[in-house]
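Read-outs throughout are calculated quantities, based only on the coordinates presented, and are distinct from any laboratory measurement. On a predicted model such as this, the values are computed, not experimentally measured, just so you know. Note: ideal-geometry Cβ built from the backbone for every residue, glycine included; neighbour counts use all protein chains shown.
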Amino acid sequence: MVLVKLGFWQLSRGEEKLLLEQQLQDREQMTPMVIEQLEEIDSEFTLTGFPLQVDVQPETIPLIYIDNVTVEGRVGYTVLQPMAVYFQGEKKILLVELGFAVAPATRERLPRVNGIEIAQNIVGRVYQRSINPLSSDVMQEPMLEGIRIQNLNLKQLSKVLDASLFDFVLQPYALPNSDLPKIWSPYPITSQKHFGYAFQWFGMAAVYALLVVLFVVRKRKVKE
């Protein structure tokens, strides 16, 4: 039955997410890594949650505004600043999250955000976003305040910016002279939600099975 299969699928997704959540807790206890250590980790593992300490320098590349972000009922943008990092003698661009900015009343403008203006050492945690197969294009819109995008597709964004990007984003624990909230939501759906969905599917399957039984019993009574 389809409903039962959906229930077991949600259970398996919940177990996978539970393992990832445990990994996040373990990584929170780690000493911050340097960029060379992070780049040595096997690419088949997600880097989300690893702590990182890195020297960054401002670039002339515009700020990146990720559209359609909702925090506590307010709609706005997650704002990222491209920063230069020297890795193995070459310059690469690391996207540093500045935080959440509430959207203005009009779509013709982006909220003005003060970026990082001087070179500094930043400590934070990194994250990677999985690609949504139904909607993954960045769909960039150059504007006065920066570039608005719909999806954080780092490969496409690298071509848009004509720059070599690291395949993760750094969310600093704190930034001087910045009061933008930073929302840590590494995975859009928690393990508890997956288990809840599984319970709902199994419940619907049980109700459907009961209705079928009642229908069969009633039909037999009519024939008698």
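May I ask you to compute the full-extension gain from Lys91 to Val123, defined as 0.36 nm times their residue separation minus their alpha-carbon distance, rounded to one decimal in nm?
On the way: separation 32, 0.36 × 32 = 11.52 nm, distance 1.92 nm.
That pair, Lys91 and Val123, stretches by 9.6 nm at full extension.
Here the 3J(HN,Hα) profile of region 98-103, calculated from phi with Karplus coefficients 6.51, -1.76 and 1.60 at θ = phi - 60°, is 8, x, 9, 10, 5, 6 Hz, Gly and Pro shown as x.
Between Leu63 and Ile147, the built amide H atoms are under 5 Å apart, and every one of these is 5 or more places off in sequence or on another chain. A simple rule links phi to the HN-Hα coupling: the Karplus curve 6.51 cos²θ - 1.76 cosθ + 1.60 with θ = phi - 60°, which for region 104-118 gives x, 5, 10, 7, 6, 10, 10, x, 7, 10, 7, x, 6, 9, 10 Hz, with x for Gly and Pro.
Exposure proxy ranking for Arg109, Arg125, based on other Cβ atoms within 10 angstrom of each Cβ and starting from the fewest, stands as Arg109, Arg125. Amide hydrogen proximity for Ile183: with H placed 1.01 Å from N in the peptide plane, the residues at 5 or more positions away or on another chain lying under 5 Å are Phe100. For region 50-185, lysine pairs separated by 8 or more sequence positions, or belonging to different chains, with Cα-Cα distances below 20 Å total 4.
If the chain linking Arg220 and Ser185 were pulled fully straight, counting 0.36 nm for each residue of separation and taking away their Cα-Cα distance, it would gain 7.2 nm. Plainly put, region 70-116 has a radius of gyration that is 1.14 times its Kirkwood radius, both from alpha-carbon atoms, as the Rg/Rh ratio. Using θ = phi - 60° in the Karplus curve 6.51 cos²θ - 1.76 cosθ + 1.60, the 3J(HN,Hα) couplings for region 165-179 round to 9, 5, 8, 8, 10, 9, 9, x, 5, 7, 10, x, 6, 9, 10 Hz; x is entered for Gly and Pro.
Near Leu110, the amide H atoms lying under 5 Å from its own belong to Glu145; only residues 5 or more places off or on other chains count, and H is placed 1.01 Å from N. Listed peptides 164-170, 137-143, 54-60 appear in the order 164-170, 54-60, 137-143 once ranked by packing, highest mean of other Cβ atoms within 10 Å at the front. Over every Cα atom in region 50-185, the radius of gyration and the widest Cα-Cα span, Dmax, amount to 14.2, 44 Å.
About its Cα centre, region 30-146 has a charge dipole of approximately 420 debye under the convention of +1 per Lys or Arg Cβ and -1 per Asp or Glu Cβ, with nothing else charged.
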